[in-house]
Amino acid sequence: MAQGVQSLATEAVRAAVAGLDPVKRQTLAEAFIAPEAESVYGFLAAGRSAPRPCRLNLEAGPVWADRGPMTDAADMTYARYLDLDRLLSAQKPVSGQHDEMLFVIIHQAKELWLKQILHEVALAQGLVRAGDLVPAYKSLARVSRIQAVMTQSWDILATMTPADYLRFRGVLGSSSGFQSDQFRRLETMLGLKDPKFLVFQTDRPDAHAALSQALASPSLYDDTLAQLAAVGLPVPQAVLNRDVSRPYIPSADVEAAWLEVYRDTDRWWALYQLAEKLVDLDDALVTWRHKHVVTVERIIGRRRGTGGTDGVGYLSSTLERRCFPELWSIRTQL
């Protein structure tokens, strides 16, 4: 189907410009770098926040500005589909030390998994906001599985000894996972809002804009609490109408609303299941943080982090953070 759409669209554009003089034809071909390009050729990149730039070659057909000629399904290969040449050339160790490659790949793999997590959380949040709670479970469960893989990856990094790491640590300069915009965006979307992390994205406009938007938007927990209110559970208006750009403050009234859900799970089954999926996420995030602390202490002890933090001391302080606080506190009240 996609091949047919591409072929028809290409012929339509060629026919439309056939009567133009050569100069205008070339001008059109060079100017054809716009969102409309993807609509014309039917190549909507799933999951992308913005269309990919496309250039029109009137003889050869459409060309991705960032990847070269588009490939018909009949000519598609594993390497082309995954863009492996670019992916596998993205690892650029600086020191020449053997173990730096592992360090780079571990962190790049985490960023790829974070990209998928953000993709799933965005879908789940949209479903929750629309009141479609049950379909959201799948994406949230998938996120929990990805989090488990990310946590296990610390064991791979832990095969690096302190001596191995210190041979190349100096080339990291002030760079640190502390600066990961995707991780901060995940925290923000789950409800842990802190604008101070924006300063690390001033040289990356797209990342800065994405994190700013997440800070200014309701979190997944905000949308969940709105669903509690929508079915008549007593969520205070002060919570529902709060400034969502500010950190969430736990509420005794919200805890009471969740207690109703947990004390009558048959009646509130959809909300109860959603709550447990959220706890899965929070649980997995704390588990990931804990393994991070242990791995860092094993490799560098109590040294300061490359990003200027207190290293293990800072990481340990994050273990107390909870995205959905009342879903933890109610367990004492049940």
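Before moving on, here are some points about what is shown:
- Rounded FRET efficiency, nearest 0.05, which uses the C-beta distance separating ASP264 from SER175 and R0 of 30 Å: 0.05
- Note on THR309, THR202, THR151: ascending count of other Cβ atoms within 10 Å places them as THR202, THR309, THR151, the fewest first.
- On the basis of the beta-carbon distance and an R0 of 45 Å, ILE106 and VAL244 show a calculated FRET efficiency of 0.85.
- Footprinting exposure proxy ranking of ILE300, ILE156, fewest other C-beta atoms within 10 angstrom first, gives ILE156, ILE300.
- Label sites at ARG145 and SER89, each approximated as a point 7 angstrom past Cα along Cα to Cβ, lie 3.3 nm apart.
- The eigenvalues of the Cα gyration tensor, multiplied by 5 and square-rooted, give region 227-330 an equivalent ellipsoid with semi-axes of 35, 16, 9 Å from largest to smallest.
- Listed values for region 303-315 are Karplus-derived 3J(HN,Hα) couplings in whole Hz (6.51 cos²θ - 1.76 cosθ + 1.60, θ = phi - 60°), namely 4, 5, x, 5, x, x, 7, 7, x, 4, x, 5, 4, and x replaces Gly and Pro.
- Under Karplus coefficients 6.51, -1.76 and 1.60, residue-wise ³J(HN,Hα) of region 203-219 in Hz, glycine/proline x: 8, 10, x, 5, 5, 4, 5, 5, 5, 4, 5, 5, 5, 8, 9, x, 7
- The calculated FRET efficiency for the pair LEU334 and ARG298, based on their C-beta separation and a Förster distance of 35 Å, comes to about 0.40.
- Measuring between their Cα centroids, region 180-200 and region 251-276 lie 28 Å from each other.
- Local charge for TRP258 was computed over the other residues whose Cβ lies under 12 Å away, with Lys and Arg +1 and Asp and Glu -1, and equals -4.
- Each residue of region 130-147 is assigned a 3J(HN,Hα), and the resulting list reads 7, x, 8, 5, 4, x, 6, 4, 4, 5, 5, 5, 5, 4, 4, 5, 5, 4 Hz, derived from the Karplus form 6.51 cos²θ - 1.76 cosθ + 1.60 (θ = phi - 60°), x at Gly and Pro.
- Legend: ranking of residues ARG185, ARG303 from fewest to most surrounding C-beta atoms inside 10 Å; resulting order ARG303, ARG185.
- Reducing region 80-97 and region 284-334 to their Cα centroids gives an inter-centroid distance of 31 Å.
- Extreme residue, positive dipole direction of region 155-306, given options PRO205, LEU274, ALA158 (C-beta unit charges): ALA158
We did not get these values from a lab; they are worked out from the coordinates using the rules stated. A quick note: this is a predicted structure, and the numbers were derived from the prediction, not measured. Reconstructed Cβ throughout: ideal geometry from the backbone, glycine too, with neighbour counts over all protein chains shown.
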